[in-house]
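Working notes for the structure below.
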Amino acid sequence: MFIAFADMEIYERITPGTLEEKWPHIAASKLVVADANLPADSLAWLARRCGDAGLPLFVDPISPEKAKKLPDRLDGIAAVFPNLAEARQLAGRGDEGQPADGGADEWAELARLILARGAGHVLITLGKHGAYCAGPEGELHLPALPVKVVDVTGAGDAFLAGVAYGVLRGEPFADACRSGLAAARIALETASSSSEQLNEERLAEAVREAKI
C-alpha cells in the first residue's frame, strides 16, 4: 500500500444507540470484531452487551492513543489484540523510553496486567518475534514464521482473522494463534493489503508447512 484515505468521522455515528438498534443483527453473529476507532462509550457498551450475551468479542486497539478508549474493565472482551506499544499502554506502562522489542519477561508481565483488567485472552503481536498469547489456559510465546516479506500492510488484521477463524472452528486459543501466525505469513508475502491467497485451503497449507 502506498497511500490511503479514510473518513474516520463516520465512526462517531456508531453510537450506543446505533448499536442498540442493530443489536438483533449483532447478536445473530457467532463472534464480533471491533476496533478502537469506535467511540469510547460505544466500545464500553459493546463489551458490556456482548459479555452479558455470552457473545465472543475481539478488539483491536489500533494504536496506543486509541487504546485509551477501552474501558477500565475489559470484562466482556473475549480477546484483545495489541502490539507491544499498545500492550504497554493497556498495562499502564507507556511506551516512552522502553526498548523496541522488550523481551519474554516483559511480554508475560504485560499480558498478566491486561488479563487482570478482565480481558479473557491477550494476544500481543510482536512483529519478527511472533506473538505472545495468554489466557485461562496458560501463556505461550509463538515465534514468527520464516517469511520473505513483501509488504507488512494487513498482517495484523490477517493475524486477528486467522485467530477468529480458528476459534470459530472450535480450536483452543493456542492453536487458533498458530492459525493467526500462518494467516499473517500469507499477508506478508503479498503486496496487496488484502491477500487473494488468504483462504481456507491456503491457510491450512500454511499451518502444515510451518509445523507450528
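Here are some notes:
- Cβ crowding within 10 Å ranks Asp157, Asp41, Asp175 as Asp41, Asp175, Asp157, fewest other Cβ atoms first.
- Relative pair counts by distance (%), Cα atoms of region 145-212, 5 Å bins: 4, 22, 32, 27, 12, 4, 0
- By the beta carbon rule, with partners counted only under 4.7 Å, the chain holds these lone Cys residues: Cys50.
- 21 Å tail of the calculated P(r), region 14-135, as % of Cα pairs: 35 percent
- Between Ser63 and Lys148, residue separation times 0.36 nm minus the direct Cα-Cα distance comes to 28.0 nm.
- Relative frequency of Cα-Cα separations exceeding 26 Å in the chain, percent: 34 percent
- Here the contact order of the chain, divided by its residue count and restricted to Cα pairs under 8 Å and six or more residues apart, works out to 13 percent.
- The aspartates and glutamates within cross-link reach of Lys128, meaning a Cα-to-Cα straight distance under 13 Å and a gap of 8 or more places when in the same chain, are Asp101.
- With a simple spin-label model that places each label point 7 Å from the Cα along the Cα-to-Cβ direction, the separation between Glu200 and Asp52 comes to 3.5 nm.
- The slack in the chain from Tyr11 to Arg73, taken as 0.36 nm per residue of separation less the alpha-carbon distance, amounts to 20.1 nm.
- Computed on region 70-135, the Cα convex hull volume stands at 70 Å³ per residue.
- Test item: Cα-centred dipole of the chain, Lys/Arg +1 and Asp/Glu -1 on Cβ, debye: 300 debye
- Charged-residue dipole, Cβ positions (Lys, Arg, Asp, Glu), region 145-212 about Cα centre, Debye nearest 20: 220 debye
- Calculated [222 nm] ellipticity per residue, helices only, for the chain: -13000 deg cm²/dmol; basis is -39500 (n - 2.57) per DSSP H run with n ≥ 4, divided by all residues, nearest 500.
All of the numbers you see were taken from the coordinates with simple rules; none came from a lab. For clarity, every value in this text was computed on a predicted model and none was experimentally measured. When we count neighbours, we look across all protein chains shown, and the Cβ atoms used for this are built from the backbone with ideal geometry, even at glycine.
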